[in-house]
Each structure stands twice: as structure tokens, then as C-alpha cells.
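Worksheet for the structure shown next.
Since every read-out is calculated from the coordinates, none of them should be taken as a lab result. As the structure is a prediction and not an experimental result, all values here were calculated from the model. In this analysis, Cβ positions are derived from the backbone assuming ideal geometry, glycine residues included, and neighbour counts consider all displayed protein chains.
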């Protein structure tokens, strides 16, 4: 699994360089993001613009990251593709996860 | 052409099989195709994790056929399966309190996704064979 980190002010933009966030990589994705949180990162922007498919394992990993941050941090998501948004709506997680039209909007929010 | 696959019960093979099923889904718009693929992946992952418990050498049989009005799917395994009543009792939507951050679901969404995506879905477990059959129309 390939992640790319780019610090932007007090945010860390993490780009997932994979086409699929699914059961195959969900555990390692979650572990990598939680590691960043445990290292002190509190404001994370997750760029999913290369992800065209997500299953419930992948979604669960994203939710887990948000729960790890709790109320002391924030997880903003940008680059949500139609395939990923379809699953967010299907599960109604679009009401919970904060998605933004652009990376800059996610950073600035 | 109908699809007939017999694949090892691993997560990576579940992913590859899902992609092959999705290749039959050209009549869906991109969002429906993603939803359908997610539902297929949910069941295959369920088989790998909960019916076979990642047992080496276990196999999953997958048949899919795209017709004029719908796509039909059949998945068979010979693992421990689940009681059909449990499948039938699963809700057809993911339920949670959006205001309750600590209790948002991280797992257990698969059956709800399958039931909400498919127009009809049936699960049987007889004679050591567990079989899911599902139909989804191209247009709802």
C-alpha cells in the first residue's frame, strides 16, 4: 500500500495512491494512519482522488481513523470519486465523514 | 459471456474475482457499478473471513451472467457458512447514530450493503454447501 504525506501548515495531507481501499489493504491503511495520529498528528486531510473503489472494510478503516482522532482532531477527506461517494451514500456515512470538493478546501476548513 | 470462476478463498483473490464480475456491469452507471461491486466484494470477503476463516486451500465458486434486464450472481462455498436465519434477520440498511462518534460502525456493514444493493438475494446452507444467489436489475 502506498501513502504519500505532504505537510500543509498544521495539516498533514495523506494521499492514498491506490485504486482500491478494500479488505486487502484496510488493516494496513488503518495502522498507518493511526501511527500518524499517535505520533501527534491531529489534523489530517485524506486525499482519495486515486481511489475508485471502496468496500466496507475500507470504509470501516476510515471511520476508525476518525474515531481515533475523536474530538481532539479532525479528518477531512478530499478527492472523493463517484465510486467512493456511492458507497458513502449507500451506507449513509456521507452524513458523518467530512468531504470537500478540493484539497485546498479540505485544508482551509 | 457468463462468468464461471473457481478461486482460492483469499482476500486478494476476492478482489480479483470482484473485478471480473464488475467487468460484466457495463450497463450500470458508474455509481451503480461501484455499489454492485462493493456488494459482491462484501460477500466474498465474508466467505473468506467467516465461512472459511482464511483456511488455506479453500475454494469459492462464482457464477455471474448479464442478461438484457439484469445481472445474476451465484456464490458457493463449503465452509462453516452462517445460519440462514441470521442472514435473513440482517437489516437491509446500515444503522447508526450519526451523533454518536464512539459507536459508529467499523465493521458488520456487509450484509446490509448486499441487501440494499440487490433487488433479490437468497442464502441457503444445505448439505455442506453455502450458496448465495442475487439478482440486480440494470434499471430500478
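Nearest 5 percent is fine: what portion of the DSSP beta bridges confined to the protein assembly as shown is antiparallel? Here the share of antiparallel DSSP bridges comes out near 70 percent. Note on residue A:10/residue A:71: beta-carbon distance plugged into 1/(1 + (r/R0)^6) with R0 of 22 Å gives a FRET efficiency of 0.85.
Coordinate range of the alpha-carbon atoms in chain B per principal axis, descending: 47, 36, 27 Å.
Legend: ranking of residues B:74, A:66 from fewest to most surrounding C-beta atoms inside 10 Å; resulting order B:74, A:66.
As a proxy for reagent exposure, B:43, B:138, B:85 were ordered by neighbouring Cβ count within 10 angstrom, fewest first; the result is B:85, B:138, B:43. Taking the DSSP beta bridges in the range A:3-108 as the whole, what percent of them are antiparallel, to the nearest 5? In the range A:3-108, approximately 30 percent of DSSP beta bridges are antiparallel ones. Distance between the modelled labels on residue B:85 and residue B:103, one decimal in nanometres: 2.6 nm (7 Å Cα→Cβ projection). Translational diffusion of chain A, estimated by Stokes-Einstein from the Kirkwood radius over alpha carbon pairs at 37 °C in a medium of 0.692 mPa s, is 243 µm² per second. Shielding by partners for peptide A:81-87, expressed as the average number of C-beta atoms from other protein chains within 10 Å of each residue's C-beta, is 6.
With r as the distance between the Cβ atoms of residue B:29 and residue A:1 and R0 = 25 Å, compute the FRET efficiency 1/(1 + (r/R0)^6) and round to 0.05. Show your work: numbers first, answer last.
Working: r = 29 Å, r/R0 = 1.15.
Taking R0 as 25 Å, the efficiency between residue A:1 and residue B:29 is 0.30.
Modelled spin-label separation between residue A:50 and residue A:31, with each label point placed 7 Å from Cα along the Cα-to-Cβ direction: 2.0 nm.
Distance from the Cα centre of the range A:79-109 to that of the range B:1-40, in angstrom? Here the two parts' Cα centres lie 24 Å apart. Among B:37, B:108, B:79, the largest mean-square fluctuation in a Gaussian network model of chain B, built with springs joining Cα atoms closer than 10 Å, belongs to B:108. Across B:83, B:105, B:30, mean-square fluctuation computed from a Gaussian network of chain B (C-alpha pairs under 10 Å connected) peaks at B:105.
Distance between the 7 Å Cα→Cβ label points at residue B:92 and residue B:55: 3.3 nm.
Dividing the convex hull volume of the alpha carbon atoms of the protein assembly as shown by its residue count gives 124 Å³ per residue. Each of A:68, B:4 was scored by other Cβ atoms within 10 Å of its Cβ. Listed from fewest to most, they are B:4, A:68. Per-residue shielding of B:6-17, expressed as the average number of other chain Cβ atoms within 10 Å of the residue Cβ, stands at 2. For chain B, modelled as a GNM whose springs connect Cα atoms under 10 angstrom apart, the maximal fluctuation among B:120, B:107, B:65 occurs at B:107.
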